[in-house]
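The values are calculated or read from the model by the stated rules, or taken from the named source; none is laboratory data. As the structure is a prediction and not an experimental result, all values here were calculated from the model. Here the Cβ positions follow ideal geometry from the backbone for every residue, glycine too, while neighbour counts run over all protein chains shown. Remember, those area values only see protein heavy atoms, side chains included, never the ligands or the DNA or RNA. Shrake-Rupley method; radii C 1.70, N 1.55, O 1.52, S 1.80 Å.
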Amino acid sequence: MKTDRDLNYRLYIQRNDGFTRSPFEYELSFYRAVQSGDTEQVRKRFESIRPDFMKGKGTLSQDPVRNLMYHFVTAVALVARYCVEGGLGHDTAYTLSDIYIQRADKMKDIDELIDLFGEMELDFAERMRTLKKDNVISLHVRRCIDYIYEHLHEDLTLNVLAEHVGLNPSYLSKLFSKEKGMSIKTFVTRAKISTAENLLRNSDFSCLDISLALGFSSQSAFISVFRKINGMTPKRFRELHYKDVIEGNKHSDE
């Protein structure tokens with residue numbers, strides 16, 4: 001392999017310099033602490049490594065700030081993934097990750113960047129703590145909901161969702177109804193109609209385009225379901241709401 005020579009050289013240099021990476025189990029325990037919402041452990045860990053923050057971390061760039069930035073990007077990506085696995089919403093976790101990376105990208109001071117590490121870690125941990133405290137829905141149901149919103153254009157059957165989350169269809173159906181107070185079928189329908197309402201308010205897509213984008217069997221089926229939930233047709237809904245959005249945008253531009 002083309003990297004073998006460079007790999008062997010760097011391993012040799014690290015051994016001669018006495019460099020030792022942080023133990024894998026130590027790193028893993030940290031990510032698990034964030035995932036579980038253990039803010040106290042996360043805070044104490046950061047305070048303990050803050051004086052010698054780069055100890056056990058490899059060199060990714062000869063530029064100190066860029067080197068730290070690369071480590072930050074890696075850390076926030078892993079933290080986000082662990083939190084998603086722990087039940088934090090997919091969009092929330094990765095959007096928060098984007099926000100922190102953008103903040104870090106503007107920094108030129110090493111101390112400020114190190115402090116951002118601590119802020120980021122504690123932010124995610126506090127969100128996970130709140131999530132665990134509220135205990136609104138289980139991980140399986142949350143994953144089911146995430147999948148629904150990411151695949152609204154598809155035929156979202158109970159069997160498809162059960163296979164995705166790795167549960168028996170009957171068990172998932174009962175679990176979902178217990179935690180959300182409605183059947184999966186009803187939730188999917190409401191999610192599609194809610195998305196349709198946003199499209200009717202904020203776009204000029206036709207009813208046919210919207211019905212196709214949201215996986216309805218036909219335009220008439222979409223209109224029928226929309227009327228049943230909202231008490232009016234999509235056309236009437238747009239007449240009542242689309243103009244308000246346009247006028248609101250005009251005023252904001254003035």
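Yes/no matrix, rows are residues, columns are (1) surrounded by 14 or more Cβ atoms within 10 Å (Cβ to Cβ); (2) part of a helix (DSSP H, G or I); (3) at pLDDT below 90:
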residue: S224; (1), (2), (3): no, yes, no
residue: R227; (1), (2), (3): yes, yes, no
residue: K235; (1), (2), (3): no, yes, no
residue: D244; (1), (2), (3): no, yes, yes
Query raised in the report: In the range 101-119, is there at least one residue being within 21 Å of E40 (Cα to Cα), at pLDDT 85 or above and of a type in the set (D, E, K, R)?
Result: yes
Query - Single residue of the range 88-141 satisfying the filter (among the polar types (S, T, N, Q) and open to solvent by 70 Å² or more (accessible area, probe 1.4 Å)) that is farthest from the chain's Cα centre (by Cα) - result: N135
Query raised in the report: Taking the condition under 12 Å from A125 (Cα atoms) and either open to solvent by 10 Å² or more (accessible area, probe 1.4 Å) or over 21 Å from the mean Cα position of the chain (by Cα) (or both), does R81 pass?
Result: no
Report task. Inspect the range 144-152 for any residue being closer than 28 Å to M69 by Cα, hydroxyl-bearing (S, T, Y) and open to solvent by 70 Å² or more (accessible area, probe 1.4 Å) and give the result as yes or no. Result -> no
Query - Of all residues in the range 42-73 being at pLDDT 90 or above and hydroxyl-bearing (S, T, Y), the one that is surrounded by the fewest Cβ atoms within 10 Å (Cβ to Cβ) - result: S48
Report task. Take the residues in the range 188-222 that are farther than 30 Å from N159 by Cβ and touching a residue at least 40 places away in the same chain (Cβ under 8 Å), then tell me which one is least open to solvent (accessible area, probe 1.4 Å). Result -> L200
